[in-house]
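Just below is one structure, and these are the notes that go with it.
The values are calculated or read from the model by the stated rules, or taken from the named source; none is laboratory data. What you are looking at is a predicted structure, and each value in this text was computed from that prediction instead of being measured. Positions of Cβ are backbone-derived with ideal geometry, glycine not excepted, and every protein chain shown enters the neighbour counts. For accessibility, only protein heavy atoms count, side chains too; no ligands or nucleic acids. Shrake-Rupley method; radii C 1.70, N 1.55, O 1.52, S 1.80 Å.
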Protein chains: 6
Amino acid sequence: MSLHIRVVTPIIPTGLTQASDFEGILGPEDRLSYVEIGKGAASIETELDEILSAPDTVAKIIEAEAEGVDAVVIDCMGDPGLRPARECVEIPVLGPCETTMNLACILGHRYSVLAVAANMRVRFENQARIYGAWDKYASTRSVDVPVLELDCESDLLKEKLFEQAILALENDGADTLIIGCTGMVGLAQSLQEKLRDAGWFVPVIDPIPITVKIAKALVETGISHSKAAYPNPEKKLKSGRGYPEFESFLK
Amino acid sequence: MSLHIRVVTPIIPTGLTQASDFEGILGPEDRLSYVEIGKGAASIETELDEILSAPDTVAKIIEAEAEGVDAVVIDCMGDPGLRPARECVEIPVLGPCETTMNLACILGHRYSVLAVAANMRVRFENQARIYGAWDKYASTRSVDVPVLELDCESDLLKEKLFEQAILALENDGADTLIIGCTGMVGLAQSLQEKLRDAGWFVPVIDPIPITVKIAKALVETGISHSKAAYPNPEKKLKSGRGYPEFESFLK
Amino acid sequence: MSLHIRVVTPIIPTGLTQASDFEGILGPEDRLSYVEIGKGAASIETELDEILSAPDTVAKIIEAEAEGVDAVVIDCMGDPGLRPARECVEIPVLGPCETTMNLACILGHRYSVLAVAANMRVRFENQARIYGAWDKYASTRSVDVPVLELDCESDLLKEKLFEQAILALENDGADTLIIGCTGMVGLAQSLQEKLRDAGWFVPVIDPIPITVKIAKALVETGISHSKAAYPNPEKKLKSGRGYPEFESFLK
Amino acid sequence: MSLHIRVVTPIIPTGLTQASDFEGILGPEDRLSYVEIGKGAASIETELDEILSAPDTVAKIIEAEAEGVDAVVIDCMGDPGLRPARECVEIPVLGPCETTMNLACILGHRYSVLAVAANMRVRFENQARIYGAWDKYASTRSVDVPVLELDCESDLLKEKLFEQAILALENDGADTLIIGCTGMVGLAQSLQEKLRDAGWFVPVIDPIPITVKIAKALVETGISHSKAAYPNPEKKLKSGRGYPEFESFLK
Amino acid sequence: MSLHIRVVTPIIPTGLTQASDFEGILGPEDRLSYVEIGKGAASIETELDEILSAPDTVAKIIEAEAEGVDAVVIDCMGDPGLRPARECVEIPVLGPCETTMNLACILGHRYSVLAVAANMRVRFENQARIYGAWDKYASTRSVDVPVLELDCESDLLKEKLFEQAILALENDGADTLIIGCTGMVGLAQSLQEKLRDAGWFVPVIDPIPITVKIAKALVETGISHSKAAYPNPEKKLKSGRGYPEFESFLK
Amino acid sequence: MSLHIRVVTPIIPTGLTQASDFEGILGPEDRLSYVEIGKGAASIETELDEILSAPDTVAKIIEAEAEGVDAVVIDCMGDPGLRPARECVEIPVLGPCETTMNLACILGHRYSVLAVAANMRVRFENQARIYGAWDKYASTRSVDVPVLELDCESDLLKEKLFEQAILALENDGADTLIIGCTGMVGLAQSLQEKLRDAGWFVPVIDPIPITVKIAKALVETGISHSKAAYPNPEKKLKSGRGYPEFESFLK
């Protein structure tokens, strides 16, 4: 069964994200496409960024369904637009934060998120609460690097990640780790190995690849999010929603 | 001490909300002004509506602070834009849902929300979880009337509210009630009296008046939301946020 | 609308509390009166103190209602007598602990209480549990000064408060602070400023002023505690309650 | 090892409680004595009753320790005075509500309390929260009989208990039951048998006998409540506590 | 990347499970093998069954790793042997209950389990608690058919499933459903369609196919369960474990 | 009333456990017998050990009931076989972990477990969750000694226990302690005294003696675990359970 998964990156083009980031996640029989949004923030670091990027993210997800895409993954650990997008479409829409937090509940006893900035703790804790993943949440630890300065080749970044990982494991009781920003492409595997060398055999979850694969698994088994939890927005009786792009798809 | 509180109604003008809705909440020594937004949904009934209305709601709150307003109340039980607005300003910003859920925790043992539509249950439950008001949440009950068809003079609406209130009290263990839509102006008091006639001496909270008064109390005592929980968004290094109106106020 | 709020200080007169402590909380159009109790403890530092002071505190609250007072605030973070008083009267009765813990849930993500003594931690934690304010509780930190030795002018006390505040913010994840003893009059504002100078823009809640103002707001909006949660005690069939002062008001 | 356990009944003498209620709980080698209080309520049905009875209950417990009693059980499911009494003495003090709720956690998956009045639900829920017994709490069901009219020989009362038990088991998911008033002496066993005849093999806990036996077990194993959780009240520097009977025992 | 996943059915051969049950879950490039155990129960309906089947289930999982299998899925919603097996091996071992409960947290707001027998409620609730999936658990509903009498072609079984599904959705607030027994092969899809015809667009999760696919995704991304949460059993110093088959693999 | 309690030690004979360990727990009028199992692990240190020892532990408990024993206590803080044993018999079966965790909820505000090995933390936390004892759980601290090397006379072990106890009290907020391995016979009392000398008046619970005494109390009051929570396994229709010893007692 060949299928098409769309990654929607909820930021405007800055060069941070590249098509090559997603190469090889799916095999040659499937298709993985990716788009950035046209209006919104250049990176998602605050709640403000999330709501500025959310409308066009949802529009891109509606477009994806209209184009026949089978499932969508939002490319940001803030999961901006996840819940309204699920109202608007029937194909599976996954956010990497919701997906990996619940995956971490399967893999271990307590998980920590390795974030780019300390101020993300509050938001990750709120997300864990509404995602049903709070009971196994240990902590958020931060490398304190602005998203737009992330250099995934940098030894300094790798070292900081390792330091924060050790603090999470030794001080916070974590035994499972989630990379807390989808901009930290490819760092999970090397961190997992480095930790193993240090005697810690713990999973380090790279959010996007596993979320894409779970999206594929959902399509293959014919399951999507519950429309009883995310009901379709109806057409407004009066002045509508002020965004023509949303109005057209409503009944 | 004379102060100025702004109500921001996060919907585009439809005639549903009127200045008279807020008359008399504050005394003559204080000023209560109100604005609607210019771009967004005509009513807030879904998560989609919330994100479509949030950007301009936040813009209006930034404007309010710039104009010297002392505190802002968002006029919708979905509290759209509450959290990003708090990032952007230092004056108190209150959402009626967060405020009344925590007030209900003070007044009784368990509270129910009387909503306009059944599909709001999921969102009210998520809000209760992140607002620290979950432990006393009993239920959401709905009158099943679209917001834009609400007629606060209608006997049918009053009867439906009473019926749902009785179900919440008798079946769900609630002893405190919150009117779940700020469009149901002025219905709390009559419901409270009708319940009292039926032997139930329970508070029925009308969200906007009490939220405005608590905003005033915060201003008078020099307290606002925590900037450690809602830190200022910094200026983006690269392409910014795509919304010039937000860019200008950042440092 | 002019109203009358009574502060009931649940300790016997020792000079610790003075009428001047409450001056200026309400404007000149309203009346704020205050009484101490005649029988009970000289300060509230233990559960023993609370139950010894509770009966006369409740009697004073019953008297207040009989005199036409509009609302009562109990002047102690242990909230002694709060729940039985609510059974006995219909006017709003607020405890500063219950009120400020739920207010803290509105203002931030996690709050800490700055107590006078370490042994109050257990009681504040139990109160947070039954007040519906547990999910956002971070910690109790203590200055370790007996209530009757509190000197609110003392630089040492101010320094200790600042130290404990920093520990709560840095080590416990708090972003919102509550002064944990109503005997620490006037210290909230200076602590808030000192923290701001140190880079922490966090609210420091002074319990009595805001609780009095919220009591006023409840009166103005016609809301009180739920009598379904706090039902009236009925007259005993047989020997009664052994306290004539309580017997007389029951039906 | 012969020991002496004191039951303190926190009500003034009305004839409701009799020495014969406690006969046979301990064997002939041990001693079980019982006292009622001199000042307080005639029955415990409200929070008001609890605080009116608490001071003399604590005084009686202090006396018991001074007389060389080995442990005390408070004879009321409201556990009035439990926490302040533990501050004042080192011998074990047990409340039947705290003890049986935690025992129910051992015996089954979810427990219900069979109360005398519906208004006790709120208090049992608050107790379950602070006793660490909330996660297995199913419900409170009530027979709706005032304490002072309880007739433990009455077939009507037995029938009502059975009805409420069945509702708890069938509707609330309970599998373990607690008799919710120590005035319902001797009804647990017959209810357990009647339920067994109806196909429900569930424990029905009679609060006082098992609490007395656990008190004995604590004495025999040299364990008491934690003084780190219930620290001794110190002598007040100034005016004390206004109750000479409490002042004398403090250091 | 071609991989080999082993399904271990933790029951002795009875004809209930057949290789054809698993056909088509993986594509032709991968291998899915399956084994039953040699010693244990004929079906898993009680905690007794679980512990009787667990030792040989773990032995079969150790064998699988030794044979070079890439991941194991336990074919039973009781997840017998899941935790000890994870101690013994490093390849991913997934239980369908843990996996689908956490998947349900991703797909909706509240989930119910459709079980074969009512007595499974207690165990599903305990599992939800330790799997970090409690906050979104709505209920367990049962069709009341013994596992060994399950006939997946039976119209009666399909009708019972539909009835229980409707009760979960309408009465328990569920919006996502999990088939609660891996013996109910192939019933999820028809139930999902039938519910859709009845106006309920909700996911019905068939446990084994999605769990196998998630196991595959874990292998492909190089993630397994945390050995910090499930550390290797060490060789016993003295008499060992009494099971030679376990002794040999320990270091 | 003379009764017979059986301690079942869920390990194979190694000399670690001796009849003298249980002497004096019950008085001369009662009988305390003890057996070890014939097939299983030499010590319980992992989940693997638990499931290997569980089947024969359950068999021994079934035998005990058949012999007329009045109650059974499992002699291990892992409580192996507790839940399936309760399915198989009607006499009370107690596990020391479930019993002492709930007892600790009665004695203090927060408890810590002093374990033999750090890897037991995960299991104690899972047990606290399903035993309804999570809300008062503070931490697990470990002396890091393999069970089979425990020397209860050793000063080093006593010193390590004291050190970990102090860490639990000072760093984790615990005020009540549980000895986390039944192999640490007789160490509770000396630790309690040593802590008292250091100014900590906290209970240190020795698991087996108090659990035996509570078992006795249950027998005397005619209460056992709920068969609605632990229903009898029925005879299998087809191939049974593969263990003849279990088959014979089923109906």
Subject >> Rotational relation A to E, axis-closest Cβ in chain A, residue and distance rounded to whole Å >> reply: A:Asn102, 2
Original post:
Going through the DSSP H helices of chain D, which span 18 Å or more along their own axis at the Cα atoms while scoring at least 0.0 as a mean Kyte-Doolittle hydropathy?
Top reply: D:47-66, D:155-171, D:207-221
Original post:
In segment F:111-153, which GluC sites (Glu not before Pro) are in a loop and have at most 13 other Cβ atoms within 10 Å, using DSSP for the loop call?
Top reply: F:Glu153
**OP:** Enumerate the residues in segment D:86-112 having an amide nitrogen under 20 Å from the point lying 7 Å beyond the Cα of D:Lys235 toward its Cβ.
**Re:** D:87-90
Original post:
How large is Rg/Rh for segment C:110-173, to two decimals, with Cα atoms and a Kirkwood Rh?
Top reply: 1.00
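Can you put B:Ser2, C:Ser190, D:Ser139 in order of accessible area, largest first, using a 1.4 Å probe?
B:Ser2, C:Ser190, D:Ser139
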**OP:** Between E:Ala19 and A:Tyr34, with labels modelled 7 Å along Cα→Cβ, what's the label distance in nm to one decimal, could you check?
**Re:** 4.2 nm
Subject >> Neighbour cut-off at most 15 other Cβ (10 Å), DSSP loop, GluC sites (Glu not before Pro), segment A:1-107 >> reply: A:Glu23, A:Glu29, A:Glu67, A:Glu90
Original post:
Once you wrap a convex hull around the alpha carbon atoms of the protein assembly as shown, what is its projected area averaged over all directions, in nm²?
Top reply: 49.6 nm²
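For chain E, how big is Rg over Rh, using alpha carbon atoms and the Kirkwood form of Rh?
Values: Rg = 18.0 Å, Rh = 18.6 Å.
For chain E, the value is 0.97.
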**OP:** Could you list, in their original order, any pairs among E:Lys39/F:Lys236; A:Lys213/E:Lys213; E:Lys39/F:Lys235; E:Lys158/F:Lys227; E:Lys39/E:Lys236; E:Lys227/F:Lys39 whose Cα atoms are separated by more than 20 Å?
**Re:** E:Lys158/F:Lys227; E:Lys39/E:Lys236; E:Lys227/F:Lys39
**OP:** In whole Å, largest first, what are the principal axis extents of the Cα atoms in segment C:97-207?
**Re:** 35, 32, 22
Subject >> Computed FRET value (nearest 0.05) for B:Leu156 with B:Ala118, which takes r as the C-beta separation and R₀ as 22 Å >> reply: 0.80
Subject >> In Å², nearest 10: area of B:Arg6 left accessible to a 1.4 Å probe >> reply: 20 Å²
**OP:** Rank these residues by their accessible area, most exposed first, probe 1.4 Å: F:Lys216, A:Lys136, C:Lys194.
**Re:** C:Lys194, F:Lys216, A:Lys136
Original post:
Classify segment F:1-148: rounded, prolate or oblate, from the alpha-carbon gyration tensor (a ≥ b ≥ c, eigenvalue square roots; a/c under 1.5 rounded; otherwise prolate if a/b is larger than b/c)?
Top reply: prolate
Original post:
If the label for A:Ile166 sits 7 angstrom from Cα along the Cα-to-Cβ line, what are its distances to the same label in every other copy, in nm to one decimal, shortest first?
Top reply: 2.7, 2.7, 6.2, 6.6, 6.8
**OP:** Could you please state, rounded to a whole Å, how far the C-alpha centre of segment B:55-118 is from the C-alpha centre of segment D:17-91?
**Re:** 49 Å
Original post:
Measuring from a point 7 Å out along Cα→Cβ, what nm distances, shortest first, does E:Asp30 have to its partners in the other copies?
Top reply: 0.9, 5.6, 6.1, 6.1, 6.5
**OP:** Note down the nm distance, to one decimal, between modelled labels 7 Å out along Cα→Cβ at D:Leu3 and at E:Ala66.
**Re:** 5.3 nm
Original post:
C:Gly68 label points, 7 Å along Cα→Cβ, one per copy: pairwise distances from this copy to the rest in nm, shortest first?
Top reply: 4.1, 6.2, 8.1, 8.1, 9.5
Original post:
In segment E:3-45, how does Rg compare with the Kirkwood Rh, expressed as the Rg/Rh ratio over alpha carbon atoms?
Top reply: 1.03
Subject >> Antiparallel DSSP beta bridges within chain F, percent to nearest 5 >> reply: 0 percent
Original post:
Of F:Leu150, F:Leu195, F:Leu48, which has the largest mean-square fluctuation in a 10 Å C-alpha GNM of chain F?
Top reply: F:Leu48
